[in-house]
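Reviewing the structure listed below.
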Amino acid sequence: MIRAAATIPMFALCVVAGCVLRTPSLIARTPPLPSGPPSGPPSGPPPAEVEGGQVIEAGCSFNGLEIKGEPGSLHDVVCPAGCDKTVNVYGTDDYTGDTPICAAAMHAGAVSDRGGQVTVMVEPGRPAYRGTKRNGITSRDWGAYRGGFRFHGVVRAPVAPVAAAAPVVIEAGCSFRANEIRGEPGSAHRVSCPAGCGAGGAIWGSDPYTADSPICLAAVHAGLATDRGGEVTVILEDGRPAYRGSKRNGVSSSDHGEYRASYRFQR
């Protein structure tokens, strides 16, 4: 009773004097924020994300079709040493899906014959693939294929400027033929020819040509390209009952009978 009574005057005194009774509290202390600019390298775009983050320990025969991923997805692949350089490789920078990845990586200069790791980007199919000889590997031409791949981070060869007449340029090889182009009769297709197509091979007709005549050799015959290459616009046509051969610009074409499809060049 005495201790309880003693606290009442103290409370009353505080009311008269205007004092404030405070209860103890815990205050969280945080470090002060830095006043200067943040240290370290400046932030930039996030690095390309590899699909699943799993590295594929591939054999020499592993090809692009064996990668499970959508077009645009990235996949890290480790190649062993000693892969065969004589296997079939189709394309340059962009390869057909059935091309062995490690042989293509050597062709592209992404790894040596001692192996190494590459990042593969899955691509949709293309209307044509151009073969070349690089780094001791000869790749081959190919027509349309359902899927492909290229190597992410590897510098690619410059692409020919897009012609105003057609939005897509087909980077063809010397063996590319019109019957490999997907289109209706009357449709126009821009084709870029590499150097060295003026020697060898067989063509039939004289503008129009049979659809199985190599386009780039026919373009030299027609005077629209040279042995140094060039770009031409191909117009697909229906078949004809006959095709007349001739000799033009150092190239001889042969006669042919009826053929199911043909093409000519837009001049």
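Miscellaneous remarks
- Euclidean distance of C-alpha centroids, segment 210-267 and segment 66-95, integer Å: 35 Å
- As a calculated quantity, the FRET efficiency between Ala199 and Val168 at R0 = 25 Å, using C-beta atoms, amounts to about 0.35.
- Phi to ³J(HN,Hα) by Karplus 6.51 cos²θ - 1.76 cosθ + 1.60 over segment 256-266, Hz, x for Gly, Pro: 8, x, 4, 9, 6, 8, 8, 7, 9, 9, 7
- Segment Lys133-Leu65, extension gain: residue separation times 0.36 nm, minus the distance between their alpha carbons: 22.2 nm
- Among 222-229, 136-143, 180-187, 82-89, sorting by the average number of other beta carbon atoms lying within 10 angstrom of each residue, highest first, gives 136-143, 222-229, 82-89, 180-187.
- Intensity falloff of segment 51-151 expressed as log10 I(q)/I(0), Debye formula with alpha-carbon point scatterers, at q = 0.11, 0.22 Å⁻¹: -0.26, -1.09
- Here the calculated FRET efficiency for Glu57 and Arg248, from their Cβ-Cβ distance with R0 = 45 Å, stands at 0.25, rounded to the nearest 0.05.
- Label sites at Ala81 and Glu184, each approximated as a point 7 angstrom past Cα along Cα to Cβ, lie 5.8 nm apart.
- Proximity of backbone amide H atoms, modeled 1.01 Å from N, is registered between Cys193 and Gly230, Glu231, Val232 at under 5 Å, excluding neighbours fewer than 5 places apart on the same chain.
- Sequence-distant lysines (8 or more away, or on other chains) whose Cα lies within less than 26 Å of Lys133: Lys85
- Percent of Cα pairs in segment 169-265 per distance bin of 10 Å, from zero to the largest separation: 19, 56, 25, 0.
All of the numbers you see were taken from the coordinates with simple rules; none came from a lab. Keep in mind the model is a prediction, meaning the values are calculated, not measured. All Cβ positions, glycine included, derive from the backbone under ideal geometry; neighbour counts span all protein chains shown.
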